[in-house]
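Remarks on the structure that follows.
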Amino acid sequence: MTPLLQTRNLTAFYGDYQALFGIDLEVQAGEVVGVIGANGAGKTTLLRTLAGVLPCAEQAVRFQNRNIGGLDASRVVALGIALVPEGRRLFPSLSVEENLKVGAFARRTGPWDENRIYELFPVLGERRRSRATELSGGQQQMVAIGRALMSNPTLLLCDELSLGLAPLVVKDIYAAIQKLTAQGLSAIIVEQDVSLAQRMASRLYCLQEGRVSLQGDSASLTRERISQAYFGA
Amino acid sequence: MLGWVNTVAQGIMLGGLYGLFAIGLSLMFGVMRIVNIAHGDLIVLAVFGAIAATTMADLPLWAAVILVLAGMFVLGYVLQRGVLNRTLAGGELPPLLVTFGISIVIQNLLLEIFSADPRSLSAGGIETQSVNIAGVLAIGVLPLGTLAAAVLITAALQWLFGRTDIGRAFRATSDDPETAQLMGIRTAHVYGLATAIALTVVAIAGILLAVRTTVAPSDGPNNLIYAFESVIIGGLGSFWGTLAGGMILGVSQAIGFRVSPGWGAFAGHVVFLAILAFRPQGFFPKTHTGSA
């Protein structure tokens, strides 16, 4: 079966600084893949490159049998890859409702609209007229996820959803993500929290200094192997 | 007493014109953080475009107006995508320098083609008509129409920014261009549209200016100063604030002019400097927003 998304020898640079060195990664349709690694390992860079924020070679990224490497971010989202960016990056001068509406700008058809988002996260419906930045951290994360869903993605890229959130809130957020993936949405989940990533994803990739240091089924990877790949001991 | 009422009324209507000058400047700064030094010269360019269309091409005024508005819309889009978008990556200085260069090019081009003579647009006598209010106050039809146009355009832009898809795209892009791209917004195109709209308002302002008074190719920088002062007085961000800023400037100038005919512009500058000293954020500092 051809994978939904496949990267081949993916490299990425910030100016002269090379951040990714030949990443090979696959996501099957309906699969949830976790990406773990220490700070600066290249996890965020990987997602940003897949989303089209950072440039890369055309053949390096293949999505639904099409080479999409180097496409502009505004075109990548129209093809069905949506990013929930690190730090949420909500539009501060827009209300919750408006943030969601902007998320639908790519005009892909699908099941998601504002009301479905409010069903998934009822608290957002109550606070739809508030400025997005007036919400709590967890609620802001819900807006960021909802905003990404508004583009009706086939593949959702989640960058450190747990960042800066209380454990209970993280649980709620990932329960929602689980609900989505149970309905068939594919996802790449970047997490610092290894056990969380193990629970969420069927397969894991561990990055270290811009390279894949370990990959395999979540269930089969032991703590020892992961921590070795994590820190490169 | 009535004399002062009249002065303030004239000032408010003059302020409508300044508000129109300022809206385009405010819009380009609001969306793209571009300070457009060529703004005043683009007003003059629109004026001479209309003069050329009516005198050289012998078009009726209404046709010239449509032509100039459409022309400035297209010019704005092309200018932004072809030139100004390329200056955005390098910080605040490159757009400043490039628009400064454009300002000099426009001034000299107009000087070369039209000579240094001041000219005006004829609008078939409307410029001298007036209406009587309560039999005591004579209000010119043209200044009143200018004020009405300023209020209408401000309301229209506020609606566009607050209630429409493209308005949300403008605000989202202004907040965070990279994340806006992630939402499927083509920021290069959005910037093009913002400048296109700004220059369309510039064209309206220029035509109203040229019906009211004479305009010379070297008048651009002066218009730019009035536009700047209106934006700063109003406070960066909201269109109503910008219009109010224009009115405060207009009333200041009218009062100065009444005290002594040489003091009009001077009084405006003094009020502007006083506001800059005591309330540098302006009177209505807010972001473009509708429902929030």
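The values are calculated or read from the model by the stated rules, or taken from the named source; none is laboratory data. Model, not experiment: these values are computed from the prediction. Cβ sites come from the backbone with ideal geometry, for glycine too, and all protein chains shown count toward neighbours.
Tabulated data
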| quantity | calculated |
| --- | --- |
| Residue match in the range B:172-182 (condition: acidic (D, E) and not in a helix (DSSP H, G or I)) | yes |
| Cβ pairs under 7 Å, 6+ apart, first in the range B:153-164 and under 20 Å from A:K101 (Cβ atoms), second surrounded by fewer than 13 Cβ atoms within 10 Å (Cβ to Cβ) and not aliphatic (A, V, I, L, M) | B:G162/B:S291 |
| Residue count, the range A:38-71 (criterion: within 14 Å of another protein chain (Cβ to nearest Cβ) and surrounded by fewer than 16 Cβ atoms within 10 Å (Cβ to Cβ)) | 1 |
| Check on B:A123, outside any helix (DSSP H, G or I) and either touching a helix residue (DSSP H, G or I) at 6+ places or on another chain (Cβ under 7 Å) or within 17 Å of B:I207 (Cβ to Cβ) (or both) | yes |
| Residue match in the range A:2-17 (condition: free of Cβ contacts under 8 Å to residues at least 24 places away in the same chain, in contact with a strand residue (DSSP E or B) (Cβ under 9 Å, 6 or more places away or on another chain), assigned to a loop (DSSP other than H, G, I, E, B) and of a type in the set (V, I, T)) | no |
| Which listed residue is within 28 Å of A:G232 (Cα to Cα), aliphatic (A, V, I, L, M) and in a helix (DSSP H, G or I), from A:L25, A:L20, A:L46, A:L54 | A:L46 |
| Number of positions in the range B:249-270 that are buried (at least 22 other Cβ atoms within 10 Å of the Cβ) and closer than 19 Å to B:G235 by Cβ | 5 |
| Residue tally, condition of a type in the set (V, I, T) and crowded, with 18+ Cβ neighbours inside 10 Å, over the range B:36-85 | 8 |
| Residues of the range B:6-32 satisfying the condition of being under 12 Å from B:F239 (Cβ atoms) and polar (S, T, N, Q) | B:S26 |
| Yes/no for A:E97 being of a type in the set (D, E), facing chain B (nearest Cβ under 9 Å) and surrounded by 16 or more Cβ atoms within 10 Å (Cβ to Cβ) | yes |
| Matching entry among A:S162, A:S151 (being crowded, with 18+ Cβ neighbours inside 10 Å, assigned to a loop (DSSP other than H, G, I, E, B) and touching a Lys or Arg at 6+ places or on another chain (Cβ under 8 Å)) | A:S151 |
| Residue that is surrounded by the most Cβ atoms within 10 Å (Cβ to Cβ) [pool: residues in the range B:166-212 that are in contact with an Asp or Glu (Cβ under 8 Å, 6 or more places away or on another chain) and more than 8 Å from chain A (Cβ to nearest Cβ)] | B:V211 |
| Residue among A:A132, A:A82, A:A106 that alone is of a type outside the set (V, I, T), more than 18 Å from the chain's Cα centre (by Cα), buried (at least 19 other Cβ atoms within 10 Å of the Cβ) and within 12 Å of chain B (Cβ to nearest Cβ) | A:A132 |
| Strands (runs of 3 or more DSSP E) contained in the range A:165-233 and holding at least 2 residues small (G, A, S) and either buried (at least 17 other Cβ atoms within 10 Å of the Cβ) or in contact with an Asp or Glu (Cβ under 9 Å, 6 or more places away or on another chain) (or both) | A:186-190 |
| Failed criterion for A:P111 (all others in (1) under 26 Å from A:L25 (Cβ atoms); (2) more than 10 Å from every other protein chain (Cβ to nearest Cβ) hold) | (1) |
| Some residue of the range A:57-70 being out of contact with any Pro (no Cβ under 8 Å at 6 or more places or on another chain), among the small types (G, A, S) and at positive phi | no |
| Residue match in the range B:215-235 (condition: part of a loop (DSSP other than H, G, I, E, B) and at pLDDT 95 or above) | yes |
| Restricting the range B:271-287 to residues that are in contact with a Gly (Cβ under 8 Å, 6 or more places away or on another chain) and not hydrophobic (A, V, I, L, M, F, W, C), the residue that is surrounded by the most Cβ atoms within 10 Å (Cβ to Cβ) | B:G282 |
| Condition met for A:Q139 (part of a helix (DSSP H, G or I), more than 14 Å from chain B (Cβ to nearest Cβ) and at pLDDT 95 or above) | yes |
| A:R89 in contact with a helix residue (DSSP H, G or I) (Cβ under 8 Å, 6 or more places away or on another chain), in a loop (DSSP other than H, G, I, E, B) and more than 26 Å from B:R186 (Cβ to Cβ) | no |
| Qualifying residue in the range B:260-280 (condition: within 14 Å of another protein chain (Cβ to nearest Cβ) and in a loop (DSSP other than H, G, I, E, B)) | no |
| Filter result for A:N115 (more than 18 Å from the chain's Cα centre (by Cα), without any contact (Cβ under 8 Å) to a residue 12 or more places away in the chain and closer than 17 Å to A:T154 by Cα) | no |
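Conditions tested, residue by residue: (1) aliphatic (A, V, I, L, M); (2) closer than 28 Å to B:H189 by Cβ; (3) touching a Leu at 6+ places or on another chain (Cβ under 7 Å).
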site: B:M1; (1), (2), (3): yes, no, no
site: B:G16; (1), (2), (3): no, no, yes
site: B:V31; (1), (2), (3): yes, yes, no
site: B:A46; (1), (2), (3): yes, yes, no
site: B:W62; (1), (2), (3): no, no, no
site: B:V65; (1), (2), (3): yes, yes, no
site: B:F73; (1), (2), (3): no, yes, yes
site: B:G90; (1), (2), (3): no, yes, no
